[in-house]
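Below is one structure, written out as structure tokens, with a few remarks after it.
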Amino acid sequence: MDMDDLTPPEPERAPQGARAKRGRRSRGPEDGGAEPGAEPGASRLRPRERLRDGNAGSLSDAELLALVLGSGVAGRSASRMGRQLARHHPSELAVWPLARWLAVAGVGPARAAALVAAFELGRRASERPVCRAPIRGPEDVLAHVRDLPRARREHFVVLLLNARHELERRETVSIGSLNASIVHPREVFLPAILHSAASVVLVHNHPSGDPEPSEEDLNITRRLIEVGELVGIGVLDHVIVATRGTVSFRARQLL
């Protein structure tokens with residue numbers, strides 16, 4: 001992030017006559033007002049009202065971030081801060097530690113804690129799926145990892161299945177650099193053993209956008225299959241997701 005974008009500007013000195021008119025800050029979209037220059041009636045579509053009407057899915061990342069922030073700081077509305085933060089994908093913001101949020105101008109300890117807590121709740125919700133339909137192919141897998149194709153760093157995820165191939169839990173094993181994540185068999189199978197999984201599906205993303213498996217992908221898959229056989233937990237598939245498609249190892253007969 002360009003930290004200059006989130007550094008509050010120096011306040012300008014107002015003329016003597018204008019100071020008396022400063023009763024309170026102007027209202028923005030995050031607290032019921034409209035953006036400067038907005039057309040009449042635009043406030044009827046403000047994010048908080050759309051959220052109240054059950055249309056949270058229609059809100060942009062920037063609008064959702066503005067609602068979590070609640071209000072802006074001097075010279076910068078929550079909407080503007082939300083737009084600047086939304087330059088980062090939610091999957092990137094979700095792994096920011098508290099110290100990283102505190103480095104953003106206008107985000108103090110209370111707001112930083114609220115943001116970290118909100119993303120943690122989202123992560124926990126994704127790991128405890130409501131859907132109990134059995135996973136029969138890569139399309140079913142993709143339904144549970146829709147956040148991964150556009151992630152800017154490589155995530156290695158394990159889907160823990162029961163004996164009916166229903167998803168019991170989603171575990172993020174590792175989050176790597178831009179191009180690779182380091183995966184150890186112990187980190188893959190420990191949660192599967194702890195949660196008594198009958199089998200697992202391996203999933204990871206390619207930030208490059210190309211879903212084609214690399215030689216390293218093939219090697220780690222073979223190794224994980226061997227370890228799975230030793231501990232009695234089968235690897236049903238390894239699915240690579242990316243912006244330009246999805247590759248299933250099972251569909252390609254690579255398992």
Out of (1) over 19 Å from Arg252 (Cβ atoms); (2) surrounded by 15 or more Cβ atoms within 10 Å (Cβ to Cβ); (3) not polar (S, T, N, Q), what's the single condition that is false for His206?
(1)
Being closer than 15 Å to His206 by Cα and not polar (S, T, N, Q) is the filter here, so list the residues in region 221-255 that pass it.
His238, Val239, Ile240, Val241, Ala242, Arg244, Gly245, Val247, Phe249
Within the set of pairs 6 or more residues apart or between chains, which connect a residue that is assigned by TED's automatic domain parsing to the domain that holds Ala94 inside region 154-166 to a residue that is part of a strand (DSSP E or B) with Cβ atoms less than 6 Å apart?
none
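One line per residue, one yes/no per condition, for (1) touching a residue at least 60 places away in the same chain (Cβ under 8 Å); (2) out of contact with any Lys or Arg (no Cβ under 7 Å at 6 or more places or on another chain):
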{"residue": "Leu65", "(1), (2)": "no, yes"}
{"residue": "Val68", "(1), (2)": "no, yes"}
{"residue": "Val73", "(1), (2)": "yes, yes"}
{"residue": "His89", "(1), (2)": "yes, no"}
{"residue": "Trp96", "(1), (2)": "no, yes"}
Inside region 98-116, the number of residues satisfying the requirement of being free of Cβ contacts under 8 Å to residues at least 12 places away in the same chain and either under 18 Å from Ser71 (Cβ atoms) or in contact with a Lys or Arg (Cβ under 6 Å, 6 or more places away or on another chain) (or both) is 4
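Yes or no, residue by residue, for (1) within 15 Å of the chain's Cα centre (by Cα); (2) modelled with pLDDT of 90 or more:
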| position | (1), (2) |
| --- | --- |
| Ala133 | no, no |
| Arg164 | no, yes |
| Ser181 | no, no |
| Val201 | no, yes |
| His204 | yes, yes |
| Ser214 | no, yes |
Do you know which of the residues in region 68-77 that are surrounded by fewer than 20 Cβ atoms within 10 Å (Cβ to Cβ) and within 17 Å of Ala114 (Cβ to Cβ) is modelled with the highest pLDDT?
Val68
Would you confirm, using the coordinates I've provided, whether Val173 is in contact with a Phe, Trp or Tyr (Cβ under 6 Å, 6 or more places away or on another chain), among the hydrophobic types (A, V, I, L, M, F, W, C), closer than 18 Å to Val95 by Cβ and crowded, with 17+ Cβ neighbours inside 10 Å?
yes
Subset of region 53-62 that is of a type in the set (Gly, Ala, Ser) and within 21 Å of His89 (Cα to Cα) - its residue that is surrounded by the most Cβ atoms within 10 Å (Cβ to Cβ)
Ala62
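This table checks each residue for (1) surrounded by 15 or more Cβ atoms within 10 Å (Cβ to Cβ); (2) modelled with pLDDT of 75 or more; (3) assigned to a helix (DSSP H, G or I).
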| residue | (1), (2), (3) |
| --- | --- |
| Pro40 | no, no, no |
| Arg48 | yes, yes, yes |
| Leu51 | yes, no, yes |
| Leu64 | yes, yes, yes |
| Arg111 | yes, yes, yes |
Considering only region 78-91, I want to know if a residue exists there that is crowded, with 16+ Cβ neighbours inside 10 Å, out of contact with any strand residue (DSSP E or B) (no Cβ under 9 Å at 6 or more places or on another chain), under 20 Å from Pro109 (Cα atoms) and among the basic types (Lys, Arg).
yes
Restricted to region 149-170 and to residues being within 15 Å of Ser248 (Cα to Cα) and of a type outside the set (Val, Ile, Thr), the residue surrounded by the most Cβ atoms within 10 Å (Cβ to Cβ) is Leu159
Total residues in region 75-87, condition part of a loop (DSSP other than H, G, I, E, B), within 16 Å of the chain's Cα centre (by Cα) and touching a residue at least 40 places away in the same chain (Cβ under 8 Å)
1
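The values are calculated or read from the model by the stated rules, or taken from the named source; none is laboratory data. What you see is a predicted model, and the numbers here were worked out from it, not measured in a lab. Cβ atoms come from the backbone with ideal geometry, glycine included; neighbour counts cover every protein chain shown.
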